[in-house]
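> Input: one structure, supplied below.
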Amino acid sequence: MREREDGREAIRLSEEVAEALANGRPVVALESTIISHGLPRPRNLEVAQELEDLVRQGGAVPATIAVLDGVARVGLDKRDLERVASEPGLRKLGLRDLAPAAALGASGATTVSATAFLAARAGVRVFATGGLGGVHREWLETQDESADLDALSRTSIIVVCAGVKSILDVPATLQRMETRGITVVGYRTDEFPGFYLHSSGERVDWRIETPAEAARILRERERLGVPGGAVVVANPVPEHEQLDPALHDRVLAEALAAARDAGVTGQAITPFLLDYLVRGTEGRSLEANLAAVRGNVRLAAEIAACWSGG
Ligand code: PSU
Ligand code: MN
């Protein structure tokens with residue numbers, strides 16, 4: 001990695017991650033914004049550890065990504081994870097925020113855009129999260145489209161997710177992904193998942209049945225020379241663990257109205273809506289969110305094994 005004048009590397013890999021990558025062992029990247037801004041405390045720390053354990057049980061090495069004291073870190077130890085889960089005022093960092101955070105020595109959790117970028121730079125090619133960001137419903141007025149999409153259109157990585165967050169305009173987000181050349185495949189489904197919901201009601205054009213097929217698709221993207229971009233593996237939350245769709249629709253409508261009334265915009269809107277849903281569903285949205293993330297992490301570990309084995 002390129003060094004700064006003061007000798008500090010730009011991206012620091014944990015020993016375990018560096019060793020796994022050097023030996024061609026499977027590694028799964030995990031983002032940290034879901035921990036710091038997406039889940040209530042103190043449950044978030046438990047979840048951060050649980051997700052790392054799930055990666056290990058799947059035979060891969062977890063690489064949770066964040067920026068601590070200005071250093072982009074790929075692979076965190078227990079104390080680092082505690083900081084991400086509980087440090088007051090920890091920032092939310094997208095791709096555009098990485099350079100100022102490094103220059104100013106700031107700390108922050110990384111979103112999908114920043115995590116995918118750092119993972120790929122470090123050589124990690126499989127990444128698991130909950131739901132991607134995308135085009136917000138108020139897009140016509142706010143022009144709010146998550147930087148996740150732009151980053152994924154330029155980063156060669158497999159992202160396992162339960163679709164995009166259902167707080168978004170899902171058809172518009174799918175359209176933007178098509179325009180930007182992001183490959184989207186359904187995992188054992190023909191329907192695009194709905195994050196808390198098993199299905200968003202939208203169709204996906206490609207369906208895969210095995211983790212090996214996901215790895216093969218990224219390989220073929222590279223072999224063909226399709227300009228760097230992600231393969232999104234859309235893995236639905238099992239139907240029996242989804243949020244009740246009627247409850248989802250009702251509380252989401254309330255949440256969107258509350259955000260409008262409170263004038264919440266920009267980086268704050270996604271955490272605001274997710275938090276409103278947790279409270280408005282008495283924690284049921286949280287359980288569905290966690291079920292989705294767990295499933296994604298398990299599948300990502302399997303895909304990582306295929307990636308490094310192939
Ligand atoms: N998935 C979740 N919970 C989250 C997120 C994803 O289950 O909180 C985070 C991711 O970090 C994603 C971010 O990149 O929300 C999107 O934020 P925005 O809409 O501001 O781009
Ligand atoms: Mn945004």
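The values are calculated or read from the model by the stated rules, or taken from the named source; none is laboratory data. Predicted, not measured: the structure shown is a model, and the values here were computed from it. Positions of Cβ are generated from backbone atoms using ideal geometry, with glycine treated the same way; all protein chains shown enter the neighbour counts.
> Test residue 83 against the stated conditions and say whether it is part of a helix (DSSP H, G or I), within 17 Å of residue 115 (Cβ to Cβ) and within 16 Å of ligand 2 (Cβ to nearest atom). Spell out how you get there, then give the answer.
Numbers: part of a helix (DSSP H, G or I): yes; within 17 Å of residue 115 (Cβ to Cβ): yes; within 16 Å of ligand 2 (Cβ to nearest atom): no.
Here the answer is no, as residue 83 does not meet what is asked.
> Identify, please: which residue in segment 263-303 is within 16 Å of ligand 2 (Cβ to nearest atom) and hydrophobic (A, V, I, L, M, F, W, C) and is, among those, nearest to residue 235 (Cα to Cα)?
It comes out as 274.
> Every residue in segment 82-92 that is in contact (Cβ under 8 Å) with a residue 40 or more places away in the chain and surrounded by 18 or more Cβ atoms within 10 Å (Cβ to Cβ), please.
84, 85, 90, 92
> A further question on this structure: Output the helices (runs of 4 or more DSSP H) that fall wholly within segment 203-292 and possess 3 or more residues being surrounded by fewer than 17 Cβ atoms within 10 Å (Cβ to Cβ), more than 15 Å from ligand 1 (Cβ to nearest atom) and free of Cβ contacts under 8 Å to residues at least 24 places away in the same chain, or say none.
Hits in segment 203-292: 211-224, 245-262.
> Can you name the strands (runs of 3 or more DSSP E) wholly within segment 3-73 that have at least 2 residues being more than 18 Å from residue 125 (Cβ to Cβ) and within 17 Å of the chain's Cα centre (by Cα)? Even if it seems obvious, please write down each step before you answer.
Numbers: elements: 11-13, 27-30, 61-68.
Result: 61-68.
> Follow-up. Taking the options 56, 96, 79, name whichever one is surrounded by fewer than 14 Cβ atoms within 10 Å (Cβ to Cβ) and within 16 Å of ligand 1 (Cβ to nearest atom). Give the steps one after another, and end with the answer.
Values: 56 fails: within 16 Å of ligand 1 (Cβ to nearest atom); 79 fails: within 16 Å of ligand 1 (Cβ to nearest atom).
Matching residue, one of 56, 96, 79: 96.
> Write out, first by first residue and then by second, each pair whose Cβ atoms fall under 6 Å of each other, whose residues are 6+ apart or on separate chains, and whose first residue, in segment 142-166, is within 17 Å of residue 303 (Cβ to Cβ) while the second is modelled with pLDDT under 95 and more than 8 Å from ligand 1 (Cβ to nearest atom).
From residues that are within 17 Å of residue 303 (Cβ to Cβ), the pairs are 156/228.
> Quick one: is residue 179 among the hydroxyl-bearing types (Ser, Thr, Tyr) and within 16 Å of ligand 2 (Cβ to nearest atom)?
Here the answer is no, as residue 179 does not meet what is asked.
> Show me the strands (runs of 3 or more DSSP E) found entirely inside segment 88-175 where at least 2 residues are away from ligand 2 (no atom under 16 Å from the Cβ). Write out each step before concluding.
Working: elements: 91-93, 108-110, 126-128, 158-161.
In segment 88-175, the matching strands (runs of 3 or more DSSP E) lie at 126-128, 158-161.
> For segment 178-202, name all the residues that are loosely packed, with under 13 Cβ neighbours inside 10 Å and in contact with a Gly (Cβ under 9 Å, 6 or more places away or on another chain).
201, the sole residue that qualifies.
> Name the single residue, out of those in segment 109-158 being away from ligand 1 (no atom under 12 Å from the Cβ) and under 12 Å from residue 63 (Cα atoms), that is surrounded by the most Cβ atoms within 10 Å (Cβ to Cβ).
So, considering only residues that are away from ligand 1 (no atom under 12 Å from the Cβ) and under 12 Å from residue 63 (Cα atoms), the one surrounded by the most Cβ atoms within 10 Å (Cβ to Cβ) is 126.
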